[in-house]
Amino acid sequence: MEQKPDAIQQLVWFQSGPPRLELTEEGPFLCLYLDGIMQSKMNQLAPAATLSPHLVPILRSLQQLKPQSVLQLGLGGGDINRFIATVLPTTQLVTVELNQTVIDAYLRFFCLKGKEELIALPAQDFLKNNQQQWSFVLWDIYPLFDGWQQAMQKTLEQSGTILINLSQPEYHQQLEALLTERSYQCHPIEGYLNLLYEVKSLTEK
């Protein structure tokens, strides 16, 4: 996770919140900060590319698997959305985001107008009523909320590939206790606290 620098070039948009949202322009980059933590950094000259190291292996996995459907829990600045709109335009993408203000900022500044559905809802509420099996699920929620283990258990009912960006590594033992029945790999992100968990689909050996 990256903290907001003390000096920025230009404050483009601000909402006091909660959550506190700041959009800054730093050279060719648009940066979205949520409560002082960078959510997205978009190169306006190459908006489909990611500048977030923890997302690089996720985009690689998406490109290799070419899933028919993607469920994304947590929007941030929409790096995944822009990538799918550009590289996988026929993929069904549903993004569940707790804060409508984050969705509004994405639509106003970061969206490429791809084929996608955005839902303003707590992840646990969506998962409780979800009946669909998704080819690919991305859990990218920060901070973790009370009852996140139950929501994670619902997520793990999905048979497809699941990528979990754990931005609070102090919870890694609790997470791994939930993963005992699934094959997974944990990838540390160099220079970051994030741990990226890749949970294999049930069809993979």
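Per-structure values
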item	result
The one condition in (1) part of a helix (DSSP H, G or I); (2) of a type outside the set (K, R); (3) at pLDDT below 95 that H172 fails to fulfil	(3)
Residue satisfying all of: in the stretch 195-205; of a type outside the set (D, E, K, R) and either out of contact with any Leu (no Cβ under 8 Å at 6 or more places or on another chain) or closer than 16 Å to S135 by Cα (or both); surrounded by the fewest Cβ atoms within 10 Å (Cβ to Cβ) among these	T203
Matching residues in the stretch 112-127 - criterion: being at pLDDT 95 or above and not acidic (D, E)	L118, I119, A120, L121, P122, A123, Q124, F126, L127
Residues of the stretch 116-132 satisfying the condition of being assigned to a loop (DSSP other than H, G, I, E, B) and either surrounded by 13 or more Cβ atoms within 10 Å (Cβ to Cβ) or at positive phi (or both)	E116, L121, P122, N130
Within the stretch 133-149, tally of residues that are in contact (Cβ under 8 Å) with a residue 24 or more places away in the chain and either in contact with an Asp or Glu (Cβ under 9 Å, 6 or more places away or on another chain) or part of a loop (DSSP other than H, G, I, E, B) (or both)	8
Any pair with Cβ under 6 angstrom, 6 or more apart, that starts in the stretch 168-194 at a residue that is of a type in the set (S, T, Y) and surrounded by 12 or more Cβ atoms within 10 Å (Cβ to Cβ) and ends at one that is at pLDDT 95 or above and outside any loop (DSSP other than H, G, I, E, B)	Y184/Y197; Y184/V199
Residue selected from the stretch 89-114 under the condition within 17 Å of Q63 (Cα to Cα) and out of contact with any helix residue (DSSP H, G or I) (no Cβ under 7 Å at 6 or more places or on another chain), by the criterion surrounded by the fewest Cβ atoms within 10 Å (Cβ to Cβ)	T90
Single unsatisfied condition, K113 versus (1) of a type outside the set (S, T, Y); (2) over 22 Å from E25 (Cβ atoms); (3) not in a strand (DSSP E or B)	(2)
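The values are calculated or read from the model by the stated rules, or taken from the named source; none is laboratory data. Values in this document were obtained by computation on a predicted structure and should not be read as measured data. Heads up, the Cβs are rebuilt from the backbone with ideal geometry, glycines too, and the neighbour counts pull from every protein chain shown.
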